[in-house]
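Peer 1: Just passing along the structure, written as structure tokens.
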Amino acid sequence: MDDLDTRVADGTGRITLNRPRVLNALTHEMIRGIAEALERWRSDPEVAMVLIDGAGDRGLCAGGDIRGLRQHALDGRNDLSRRFWRDEYELCATIDEYPKPYIALMTGITMGGGVGVSAHGSIRIVTESSRVAMPETRIGFSPDVGGTWLLAHAPGELGTYLGLNGQTMSGADAVACGFADHYVPSDRLPRLIEALGEQAGSGSPTDVVLSFSEAPPASTLEAKREWIDRCYSADSVTEILERLRAESGSEAADAADELGALSPMAVTVALAALRRARELGSLREALAQEYRTSAWLAEQPDLAEGIRAQVVDKDRSPKWLPSRLATVPPSLAATALGHRPPRH
């Protein structure tokens, strides 16, 4: 069975990520396959729109195949990771700029690379099952696939909180933070897909989606904005932690404990990348910055160690280097953001 199913039906280019046993984690071949399909359909008169979803009932996509990234690092073949990211990030830009409606069903787990192939689309749909996140700092990495761009444009400091702590959004949170557009109950999705096909080429896909959507529940994340904005507006991770620990609520204390357990290197780079992304002019500029930081982080020990601790040995006890924020060199973030990867 192919890992990626691309087909044309009812005027719609259908893309289904088809690795349900590993929550549809993206391989390099899948990324290339999506890009090739989008190029074929760009000028195909039989394709009025594109729709992407994931096989199985657990979600759209848990992210990239990070075990492979770790193996590349261990084998001294980070050039393979750079090629993966180069193609993946170009795909994100292609989706953002695609001339036809690109509809993403962000059901269930939609994280990391899953956000990359969905949240840059023109019509982004979440449900009550959606769990959306950019959890890269949990593996010693920094938000990528355009995640810094999306997070930087979330209301207030919600994106900083989500990006640094690797926290998960509900469907309602994703709409509130600009990662999604429409909230559609899961039981309406089969009929929605049928309706899109019935009106392909003759009506507005957005209007069709609106006829099936409803107002999302209140965002629990938005309800936390007061203390999140107050704490995460600080200029350094150290100061963010100090502000969190000075708060009286248990939620802020929990956030401090989470943040304090993550890779000091990764959260330092992530904060600098998010702040810089606010000043950039386009998604493509943010992706170019992410490519530099990703290539730099791939050369550091924390990425392989974070993946080991989270998905290989699953002991959840990574040994970060450096182990404390106090020993992170002051120039580290600038070095990562200014990195110039080899061309090969």
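The values are calculated or read from the model by the stated rules, or taken from the named source; none is laboratory data. The structure displayed is predicted, hence computed values, not measured ones. Cβ coordinates were reconstructed from backbone atoms using ideal geometry, including for glycine residues, and neighbour counts include every protein chain displayed. Accessible surface is based on the protein model in full, side chains and every heavy atom, while ligands, DNA and RNA are left aside. Shrake-Rupley method; radii C 1.70, N 1.55, O 1.52, S 1.80 Å.
Peer 1: Name the residues whose placed amide hydrogens come within less than 5 Å of the amide hydrogen of Leu4, ignoring near sequence neighbours (fewer than 5 apart) on the same chain.
Peer 2: HN-HN under 5 Å from Leu4: Asn18.
Peer 1: Right, another one. In whole Hz, with x marking every Gly and Pro, tabulate ³J(HN,Hα) for the range 290-297 from phi via Karplus 6.51 cos²θ - 1.76 cosθ + 1.60, θ = phi - 60°.
Peer 2: Once θ is set to phi - 60°, the couplings for the range 290-297 become 4, 4, 5, 5, 4, 4, 5, 5 Hz.
Peer 1: What number comes out for the charge environment of Thr110, summing +1 per Lys or Arg and -1 per Asp or Glu over other residues with Cβ under 11 Å away?
Peer 2: +2
Peer 1: Further question: With θ taken as phi - 60° and the coefficients 6.51, -1.76 and 1.60, list the Karplus ³J(HN,Hα) couplings across the range 75-88 in order, rounded to whole Hz; mark glycine and proline as x.
Peer 2: With the stated coefficients, the range 75-88 comes to 8, x, 10, 5, 4, 5, 5, 4, 5, 4, 5, 4, 6, 5 Hz.
Peer 1: Ok, one more. What part of the accessible area of the chain, given as a whole %, is carbon or sulfur when the probe is 1.4 angstrom?
Peer 2: C and S atoms contribute 48 percent here.
Peer 1: Which one, Leu196, Leu158, Leu74, has the greatest fluctuation when you compute a Gaussian network model over the chain with C-alpha springs under 10 angstrom?
Peer 2: Most flexible of the set in this elastic network: Leu74.
Peer 1: Something else about it: Nearest 500 deg cm²/dmol is fine: what mean residue ellipticity at 222 nm does the chain get from its DSSP H runs of n ≥ 4 alone, each adding -39,500 (n - 2.57), divided by its residue count?
Peer 2: After summing the helix terms and dividing by the residues of the chain, the value is -13500 deg cm²/dmol.
Peer 1: Express the relative contact order of the range 80-122 as a whole percentage, based on alpha carbon pairs under 8 Å and six or more residues apart in sequence.
Peer 2: Computed over the range 80-122, the figure is 48 percent.
Peer 1: Right, another one. Let me know the charge dipole size of the range 269-320 about its Cα centre in debye, to the nearest 20, where only the beta-carbon of Lys, Arg (+1) and Asp, Glu (-1) is charged.
Peer 2: 160 debye
Peer 1: Based on the Cβ-Cβ distance of Asp207 and Glu90, what FRET efficiency does E = 1/(1 + (r/R0)^6) give at R0 = 41 Å, to the nearest 0.05?
Peer 2: In this case the efficiency is close to 0.85.
Peer 1: From the residues Ser43, Gly33, Val184, which one has its Cα farthest along the dipole of the chain in the positive direction, the dipole being from +1 and -1 charges on Cβ of Lys/Arg and Asp/Glu about the Cα centre?
Peer 2: Sorting the options by dipole projection puts first Gly33.
Peer 1: Follow-up question, since we're still on this one. Can you give me the long-range amide H partners of Gly59? Hydrogens built in the peptide plane at 1.01 Å from N, cutoff under 5 Å, separation of 5 or more residues or another chain.
Peer 2: Ile109
Peer 1: For the chain, what does the relative contact order come out to in percent, with C-alpha contacts under 8 Å and a separation of six or more?
Peer 2: Answer for the chain is 17 percent.
Peer 1: Here is a follow-up. Using only Cα atoms, tell me the angle between helix 28-42 and the longest principal axis of the chain; keep it within 0 to 90° and round to the nearest 10.
Peer 2: 40 degrees
Peer 1: In addition: Are there any chymotrypsin sites (Phe, Trp or Tyr not before Pro) in the range 191-245 that are in a DSSP loop and have at most 13 other Cβ atoms within 10 Å? List them by number.
Peer 2: Listed in order of number, the matching sites amount to none.
Peer 1: One quarter of the convex hull surface, Cα atoms only: what value does that give for the chain in nm²?
Peer 2: Answer in nm², one decimal: 16.9.
Peer 1: Given the options Leu192, Leu105, Leu283, state which has the largest fluctuation in a GNM of the chain using a 10 Å cut-off (strictly under) for Cα springs.
Peer 2: Judging by the Gaussian network model, the answer is Leu192.
Peer 1: So for the pair Glu251, Glu39, with labels modelled 7 Å out along Cα→Cβ, what separation do we get in nm?
Peer 2: A separation of 4.7 nm, rounded to one decimal place.
Peer 1: Also, I was wondering about something else. Once both axes come from the Cα atoms, what is the angle between helix 237-246 and the longest principal axis of the chain, in degrees from 0 to 90, rounded to 10?
Peer 2: Helix 237-246 sits roughly 80 degrees off the main axis of the chain.
Peer 1: What are the residues whose amide H is under 5 Å from the amide H of Ala25, where those residues sit 5 or more places off or on another chain and H is modelled from the backbone?
Peer 2: Result for Ala25 returns Ala62.
Peer 1: Run the simple label-point estimate for Asn18 and Glu258 please: 7 Å along Cα→C-beta, distance reported in nm.
Peer 2: Calculated label separation equals 3.6 nm.
Peer 1: What is the packing order of peptides 326-333, 268-275, 44-51, taking the mean over residues of other C-beta atoms within 10 Å and listing the highest first?
Peer 2: Packing order, densest peptide first, comes out as 268-275, 44-51, 326-333.
Peer 1: Could you work out the relative contact order of the range 65-138? I mean the mean sequence separation of Cα pairs under 8 Å and 6+ apart, divided by the number of residues, in percent.
Peer 2: 27 percent
Peer 1: Over the chain, with a Gaussian network built from C-alpha contacts below 10 Å, which listed residue (Asp65, Asp53, Asp235) shows the highest mean-square fluctuation?
Peer 2: Asp235
Peer 1: Let me ask something additional. Using only Cα atoms and rounding to the nearest 10 degrees, what angle (0 to 90) does helix 264-277 make with the longest principal axis of the chain?
Peer 2: Roughly 50 degrees, rounded to the nearest 10.
Peer 1: Further question: What order do you get for 172-182, 87-97 when each peptide is scored by the mean count of other beta carbon atoms within 10 Å, highest first?
Peer 2: Result, highest mean first: 172-182, 87-97.
Peer 1: Each residue of the range 206-214 in order: what ³J(HN,Hα) in whole Hz does its phi give by Karplus 6.51 cos²θ - 1.76 cosθ + 1.60, θ = phi - 60°, with x for Gly and Pro?
Peer 2: Per-residue couplings from phi come out as 4, 5, 4, 4, 4, 6, 10, 7, 9 Hz.
Peer 1: If one computes P(r) from the Cα atoms of the range 290-344, what percent of pairs lie at distances over 14 Å?
Peer 2: Summing the P(r) of the range 290-344 above 14 Å gives 61 percent of all pairs.
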